[in-house]
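Reading through the C-alpha cells given below for one structure.
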Amino acid sequence: MSLGELAAARRTHKAFGPEPVPREMLVELLGLARLAPNHHLTQPWRFRVLGPEALARLKEVAGPAEALKLDRAPTLVVVSAALTGDLVQDEEDVCATAAATMLVLLGATERGLASYWRTPSVLRTARGRDALGVARGERVLGLLHLGPPEREPAPREREPVETYVEFLT
C-alpha cells in the first residue's frame, strides 16, 4: 500500500473488538515514532501503555461519565512530549511528537488495527496526569485507542487542497 493509500485508509474508529493489541505489535508501532522528524534529535515523545491498574486509576479520577469512554478500545496509550522549558524547542518537540503519533496511527492502519486519537479532559487535569505518572515537564497530546475494528466507519469528506494551499511568488 502506498503512503497516499495508507493515509486515505486511516479512519477515526469508535467501535473496537475486545482483543488487545499484542505487546510485540505495540513495540513495533511505537518504534515507528523514532522515524519522526525532530529538531536536534531530542526524541521528546513518551508513550504510556495503560494496563488494568493504570486504567482503573484513570477511570476513578475521570468519574463515571468519562470512564465509559475509556472502555471503548482494548488498548490505550497516553502520548506526551517531554519539554525542556525552552519555548522554541518545546514548540518543535510538541510538533515532533504529533508527527510521531501520526506514524503510529499509520502503522496501526497498515496492520489492520482501528485507532482513535483524542484527549480526554481527565488528562488535562493534575489528578489525571498524576494517576499515570505524567511529569509536570510533559505535555499530554492525547490518548490513542487501538484495537481490532468492530466495524469500518464511513469516510468523511475533506476540504479540497485548494482551500488550504497557496503558491506564493
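The values are calculated or read from the model by the stated rules, or taken from the named source; none is laboratory data. Please read all numbers here as calculations on a predicted model, not as lab measurements. Don't worry about glycine lacking a Cβ; one is built from the backbone with ideal geometry, like all the others, and counts go over all protein chains shown.
Side notes on the structure shown:
- Among residues of the range 65-102, those that are under 23 Å from H13 (Cβ atoms) and not polar (S, T, N, Q), counted: 18
- From the list R10, R48, the one residue that fits, being of a type in the set (K, R), in contact with a strand residue (DSSP E or B) (Cβ under 6 Å, 6 or more places away or on another chain) and either modelled with pLDDT of 95 or more or closer than 17 Å to G107 by Cα (or both), is R48.
- Here L68 qualifies as closer than 22 Å to S121 by Cα, loosely packed, with under 12 Cβ neighbours inside 10 Å and free of Cβ contacts under 8 Å to residues at least 24 places away in the same chain.
- Residues (within 15 Å of H145 (Cα to Cα) and among the small types (G, A, S)) located in the range 55-101: A67, A73, S80
- Of the residues making up the range 10-26, those that are over 17 Å from the mean Cα position of the chain (by Cα) and either within 15 Å of E152 (Cα to Cα) or exposed (fewer than 10 other Cβ atoms within 10 Å of the Cβ) (or both) are G17, P18, E24.
- Residue count, the range 152-169 (criterion: in contact (Cβ under 8 Å) with a residue 40 or more places away in the chain and out of contact with any strand residue (DSSP E or B) (no Cβ under 8 Å at 6 or more places or on another chain)): 2
- For the criterion of being out of contact with any Phe, Trp or Tyr (no Cβ under 7 Å at 6 or more places or on another chain) and assigned to a helix (DSSP H, G or I), A131 passes.
- The range 136-151 residues that are within 11 Å of R72 (Cα to Cα), paired with ones that are in a strand (DSSP E or B) and of a type in the set (S, T, Y) (beta carbon under 6 Å, 6 or more apart): H145/Y116; L146/T75; L146/S115; G147/T75
- Residue count for the range 85-102, restricted to those that are closer than 17 Å to L30 by Cβ and surrounded by fewer than 20 Cβ atoms within 10 Å (Cβ to Cβ): 3.
Table: residues versus (1) among the β-branched types (V, I, T); (2) surrounded by 18 or more Cβ atoms within 10 Å (Cβ to Cβ); (3) at pLDDT below 95; (4) within 28 Å of K59 (Cα to Cα).
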position	(1), (2), (3), (4)
V104	yes, yes, no, yes
R136	no, no, yes, yes
V140	yes, yes, no, yes
R158	no, no, yes, no
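- Hits in the range 134-155 (condition: under 25 Å from T97 (Cα atoms), assigned to a loop (DSSP other than H, G, I, E, B) and of a type in the set (K, R)): R136
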